[in-house]
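A short worksheet on the structure shown next.
What follows is calculated from the coordinates using simple rules that are stated; it is not laboratory data. None of these values were measured; they are calculated from a predicted model. Backbone-built Cβ (ideal geometry, glycine too); neighbour counts: all protein chains shown.
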Amino acid sequence: AILELADQTDFPRASFLLEAGLTGTAAVPVCVGDDVAAVLEFFWHDAPDPDGRLMQVLGFVAVQLGRVIERERAVEQLAARESQFRALIENASDLITILDREGVIRYESPSVERVLGYRPDELVGRNAFDLVHPEERAALLAEFAQKVVIAGSTAQVEFRFQHRDGSWRTLEAVAKNLLDEPEFNGIIVNSRDVTERRAAAAALEKTLQALRASEERYRSLFTTMREGFALHEIICDEQGRPVDSRFLEVNAAFEELTGLRAADVLGRRLLEVLPDLEREWIETYGAVALTGQAVRFERYAAPLKKYYEVFAYSPKRGQFANIFTDITERKQAEETLRGANRRLEQALTALKNTQQQIVQQERLRALGTMASGIAHDFNNALASILGFSELLLNRPETLEDRAKTRRFLQLIHTAAKDAGNVVGRLREFYRHRDAGEVFTHVNLNELVQQAVSLTQPKWRSEALAQGITIDVVTRLDPNLPPLTGNSAELREVLTNLIFNAVDALPRGGTIAITTQREADRAVLTVHDTGTGMTEEVRRRCFEPFFSTKGERGTGLGLAMVYGILNRHDGVVDLESAPGQGTTFTIYLPIGKTTSAAPVATASPEARRSLRILLVEDEEMVRTVLWEFLTGDGHVVTAAADGRQGLEKFHGGQFDVVLVDRAMPGLNGDQVATAIKSVAPRLPVVLITGFGAMMQAAGEKPAGVDYILAKPVTLERLRETLREATRSSPD
C-alpha cells in the first residue's frame, strides 16, 4: 500500500523527506528464497491513489531484483569453490590429467613437474600414450578404447611412463570417463607414482623368496647333513649350577651316530637317556649355554663307547646346540699311525744317511749340465776362430790380401772376445741390468752383418760339406737409428738365433734376417724355412736346459737370448708350427740421439812407463800379457809361480803387481796378502778366469785392489793400469 509520510510519526526519516517535498511512500521486500535480502522503497511528491496494478509492478521488480541477487551470490560461491578445487589440484601430490577422446592431454596439474620432470605446458597437446612404455602401450590403448565409449565408466591401471630424464616411472592411475559432462568434456585421470613402492615390494618379495629358499636349504641341510645335531636347554640347580639338559631337537644323523632314536630322546633329560655319561660333558655344555662362549673338543662317551669331535655353541641364553661327528675309527687309526710313525722314524734315520749323497749327485748333475752348456757356447765361438784361422793357415795366399786378412783377424778377435764373455754369463739368465752398467751406441745392421760372417763356417762351409745348401738373406733398413746396448751380447743373440735356424734346416733352406723401424723401436726378425716347433716346444724353448737336440744341445742358448733382451728392455715374440718354419721377432728401444761415447785412448798418464811385476803360471797367458805390456813401453819382470813372484818382489821395486789367482803352491790371494804386508800402498791386480762372477758377487780377497777378468784384452788391461796408478805415488 502507499502510505502518507505525514502519518508515519515512527519513521525516522519522515521529517527529512517531508522537507524535501515528498508526501507518499511504499515498501516492497526483496526475497532470496525464504530470506528477505533487502527492502525496495519508493517515494512520491504527490502520492497516487492505491492501485493494485501499480503494486503488482512494484512486487515484480522486487522479485526480479531478488533473483539477480540470488544469481550473483551463486556465482560468487561457485568462484570460491572453483578456487578451492584449483588449489587442491595444484597442490595435490597426485597427478590430475584430462584427456580427450584421442588420448591427447588437455590439462595437466602442476605436480607433474615434481613427479615426472615436465612442465605442464610441455605435455599439453601431446598424446599421453606416446610416453607410455612400448611393452605396455598396446594393452593400455585397448583398455582406453574400451572405456572411452562408455560414459561414466572407470578403470584402474598401472603402467610405466617416461620421465623427462629418460627413465621410466611406474604410475598407478584411476580414470573416469566424463566426456558427456559439459563441465569436463574429457577423461579425468588421477595418477600416483608408485615406482619406489613397487621396487620396495619387489625387493621385499625377493628377500622373502631368498629367506624361504634359505630356510628350505637349511632345513634340507639339517635333515641331510652327515654331522649329528642336537639342540638342548640347560637345567640348573637352585644355585644356578648346570646339572642336566633336555633334548629339544635332533636330526637324522644324530640317530645314526649315537644309535638313539629321536622319539626316545626328545623332551627327555640327557642324564635320563644316558645316566652313566661323564660329568664333564654337562659342565662343558653348561658353560656354553650360560656364557655363550663356543667350544670345540674331542671326547670319549663311555655309555656309547665312541669318540666324538664336537662343536658346541649357544643359539640363545640357556640353550646349547652341538654338531658332532664320530671319530672312533680315526682315533683307532691314529693309534695305529703312531706305531707306524715310530717305525717310519727308524726308516727316516736310514734315509737321512743317504740323502746327502743324493743331493750331491744332483748338484754334480746340474753342474755337469751347466758345464756342457758353457762348452756348447764356447764351441760356437771356437767354430769361427778355428774356421777363419784354418783359412789363413791353409791358404797362405790369403795373407797377401791385406783387407781380407784383416777382416778374418777382426772376426777371430770378435769371436774370442765373445767367448770370453761366456763364463761371465753364468749369472746372466735372469740378471737385471746393473745400475752402473754402461750401454754404448750400437749399429744393429753392422751387428747383423758381423753375426752372418761369424756363423758362415757353420751355415755355409759345414753345410756344404754335408751336401746341404743354406742361404742367408738380409734385408736391412739403411735408415735405422742406432740402439744403446752391449754389442757383444746383442751379437750373441744373433749368433744363437742363426745357429738354431741352421739346426732347424737338416735338408737345407733359407734364413732371412730383416731390420726395420716401428715407432720408437727397432724390429729385428730372424726367419727360417725349417722344421718348425710343436706347441709344447714353442712354449718351453726359453726355459734353461730345455733342448730337443739330444746330446748336441744344452738348452742354454735361447735362455741366454731371453736374459740379454730383458736387460736391454727388449721383447721377443715367437711364431712357429711344425713344417711351417720359425720366426723370432725382436723389439728393441731405439737409443737416445746423443753423441756416441768416445773411443778410449791411452792418455799420457796411462802410457807412461811402469815397472810391473807379472806373476802368471800359464806360459801362453804370461807371453800374451808380456807382449801387451812391453808393447806399451812398460818394464816387465815375469814370474812363473807365486813363490818366484815373491822372490822377485823382494829383489826389485815395482809400480804395479799383476798376479794370477789359481796357481800351484802359493795362490794369488796369498801372494797379494804377503805383498800388502810389506808395501800396503802398492796396487795389486788379481787376474782370474772367475773375475766376472767375483765382480757380480762383490767378492774381493784381502790384499787385492783390482780384479782383471780373463780373457784379458789390451783395452781392458790398459784401463785397469790407469785405474791402479791414478792414485798411487810415483
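Based on the alpha carbon coordinates of segment 435-589, what radius of gyration and maximum Cα-Cα distance (Dmax) apply, in Å?
Every Cα atom of segment 435-589 included, Rg and Dmax give 15.2, 49 Å.
Is the shape of segment 604-726 best called rounded, prolate or oblate, per the rule: a/c under 1.5 gives rounded, else a/b larger than b/c gives prolate, else oblate, with a ≥ b ≥ c the square roots of the Cα gyration tensor eigenvalues?
Here segment 604-726 falls in the rounded category.
Extending each Cα 7 Å along its Cβ direction at A674 and D130, get the distance between those two points in nm, one decimal.
11.0
Between S609 and F311, what is the label-point separation in nm under the 7 Å Cα-to-beta-carbon projection?
9.2
Would you please state which residues of segment 467-511 a label at Q449 would reach in this model, taking the label point 7 Å out along Cα→Cβ and a backbone N cut-off of under 16 Å?
So the set is 473-483, 491.
Name the residues of segment 295-332 whose amide N is less than 14 Å from a point 7 angstrom out from the Cα of C236 along the C-beta direction?
Inside the label zone: 317-320.
About its Cα centre, how strong a charge dipole does segment 435-589 have in debye, to the nearest 20, once Lys and Arg get +1 and Asp and Glu get -1 at the Cβ?
For segment 435-589, the charge dipole is close to 280 debye.
Can you tell me how segment 1-43 classifies by the Cα gyration tensor, rounded, prolate or oblate, using a/c under 1.5 as the rounded cut?
prolate
Hey, fewest Cβ within 10 Å first, where do F247, F129 land in order? Before the final figure, lay out each step's value.
Working: F247 21, F129 18.
Listed from fewest to most nearby Cβ atoms, that is F129, F247.
Calculate, for E19 and R101, the FRET efficiency according to 1/(1 + (r/R0)^6) with r their C-beta to C-beta distance and R0 60 Å; round to the nearest 0.05.
Step by step, r from the Cβ atoms, then E = 0.25.
Would any residue of segment 5-31 have its amide N under 16 Å from a label point 7 Å out along Cα→Cβ of E72? List them or say none.
30-31
Can you tally the net charge around N443? Count Lys and Arg as +1, Asp and Glu as -1, for every other residue whose Cβ sits under 13 Å from the Cβ of N443. Display every interim value, and only then the final one.
Details: positive: R491; negative: E446, D477.
Net charge around N443: -1.
Helix-only estimate, please: 222 nm mean residue ellipticity of the chain, summing -39500 (n - 2.57) across DSSP H runs of length 4 or more and dividing by its residues, to the nearest 500.
Helices in the chain give a 222 nm mean residue ellipticity of -14500 deg cm²/dmol.
Answer rounded, prolate or oblate for segment 144-269, using the Cα gyration tensor with square roots of eigenvalues a ≥ b ≥ c: rounded when a/c is under 1.5, else prolate when a/b is larger than b/c, else oblate.
Prolate, because a/c is 1.5 or more and a/b exceeds b/c.
Using +1 at the Cβ of each Lys and Arg and -1 at the Cβ of each Asp and Glu in the chain, identify which of L629, A263, A201 lies farthest towards the dipole's positive end.
Among L629, A263, A201, the one farthest towards the positive end of the dipole of the chain is L629.
Of the listed values (1) 179, 92, 64; (2) 91, 75, 50; (3) 90, 67, 56, grab the one calculated as Cα extents along the principal axes in Å from the structure here.
(1)
Taking 7 Å along the Cα-to-C-beta vector as the label spot, tell me the V537-L141 distance in nanometres, rounded to one decimal.
Using points 7 Å along Cα→Cβ, the separation is 7.0 nm.
Which whole-angstrom value gives the distance between the alpha carbon centres of segment 104-172 and segment 22-59?
Their Cα centres are 61 Å away from one another.
Using only Cα atoms, locate the centre of segment 457-478 and the centre of segment 201-215, then give the distance between them in Å, rounded to an integer.
Going from one Cα centre to the other spans 76 Å.
How far, in nm, would the chain grow between Q653 and A702 when pulled straight, counting 0.36 nm per residue and subtracting the alpha carbon separation?
Value of the extension gain: 15.5 nm.
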